[in-house]
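The values are calculated or read from the model by the stated rules, or taken from the named source; none is laboratory data. Computed from a predicted structure; not experimentally measured. Counting neighbours? That spans all protein chains shown, and the Cβs are built from the backbone with ideal geometry, glycine included. Just the protein is used for accessible areas: all its heavy atoms, side chains included, with ligands, DNA and RNA removed. Shrake-Rupley method; radii C 1.70, N 1.55, O 1.52, S 1.80 Å.
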Amino acid sequence: MTFTSHMDQALDEARAAAARGEVPVGAVIVAPDGRVVAAAGNRTRELNDPTAHAEILALRAACAGAGSERLPGYTLWVTLEPCAMCAAAMANARIARVCYGANDPKSGGVAHGARVFTHPQAHHEPEVVDGIGAEAASDLLKAFFAARR
């Protein structure tokens, strides 16, 4: 099996989110056969919905396309370490692998904070690959917040 990164597409979604005035986080979901089945960027402000994180929007679209609330064998790519809410949703969806870019020591829920996937109450523990595109994702976030200060 050949490893193909989809972080560039997730970064494109993050840039589009930033252009909309949203926190620049982007997510892409890839089916076991390698097809991109969903892509999204944050839309919390646009939709007035605190759950409209890139990962949640991508999970909703991928599940709708699959006709199932479960996505075994699928990989979720996201530019920033998922928060606890998003990590719990990924566990509930039975995502096989989560690949993320920048760490989030303040609000992360995978390697920091709640550490959802390794918590005893987690429904599922996906494979986690971190640091892919981390510098580009971090730079995008830093520039976004610097422009607002």
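Select, from A19, A27, the only residue that is aliphatic (A, V, I, L, M), open to solvent by 30 Å² or more (accessible area, probe 1.4 Å) and closer than 29 Å to F145 by Cβ. Show your work before the answer.
Working: A27 fails: open to solvent by 30 Å² or more (accessible area, probe 1.4 Å).
Among A19, A27, only A19 is aliphatic (A, V, I, L, M), open to solvent by 30 Å² or more (accessible area, probe 1.4 Å) and closer than 29 Å to F145 by Cβ.
Which ones in the range 92-147 are among the aromatic types (F, W, Y), out of contact with any Ser or Thr (no Cβ under 8 Å at 6 or more places or on another chain) and either closer than 24 Å to T4 by Cβ or open to solvent by 40 Å² or more (accessible area, probe 1.4 Å) (or both)?
Step one: filter the range 92-147 for residues among the aromatic types (F, W, Y), giving 100, 117, 144-145.
After this cut, where a residue has to be out of contact with any Ser or Thr (no Cβ under 8 Å at 6 or more places or on another chain) as well, the list is 117, 144-145.
Within the range 92-147, F117, F145 qualify.
Within the group G73, G67, which residue is under 14 Å from A93 (Cα atoms) and without any contact (Cβ under 8 Å) to a residue 12 or more places away in the chain?
Working: G73 fails: without any contact (Cβ under 8 Å) to a residue 12 or more places away in the chain.
None of the others qualify; the one that does is G67.
Would you check if A89 is in a helix (DSSP H, G or I) and either out of contact with any strand residue (DSSP E or B) (no Cβ under 6 Å at 6 or more places or on another chain) or surrounded by fewer than 18 Cβ atoms within 10 Å (Cβ to Cβ) (or both)? Before you say what the answer is, go through the steps one by one.
Details: in a helix (DSSP H, G or I): yes; either out of contact with any strand residue (DSSP E or B) (no Cβ under 6 Å at 6 or more places or on another chain) or surrounded by fewer than 18 Cβ atoms within 10 Å (Cβ to Cβ) (or both): yes.
Yes, satisfied.
Tell me which residues, restricted to the range 28-61, are of a type in the set (G, A, S) and in contact with a Leu (Cβ under 6 Å, 6 or more places away or on another chain).
Going through the range 28-61, the residues of a type in the set (G, A, S) turn out to be 31, 34, 38-41, 52, 54, 58, 61.
Residue satisfying the conditions is A40 alone.
Output the residues belonging to the range 57-86 that are among the aliphatic types (A, V, I, L, M), touching a strand residue (DSSP E or B) at 6+ places or on another chain (Cβ under 8 Å), within 16 Å of V110 (Cβ to Cβ) and surrounded by fewer than 24 Cβ atoms within 10 Å (Cβ to Cβ).
Of everything in the range 57-86, nothing turns out to be among the aliphatic types (A, V, I, L, M), touching a strand residue (DSSP E or B) at 6+ places or on another chain (Cβ under 8 Å), within 16 Å of V110 (Cβ to Cβ) and surrounded by fewer than 24 Cβ atoms within 10 Å (Cβ to Cβ).
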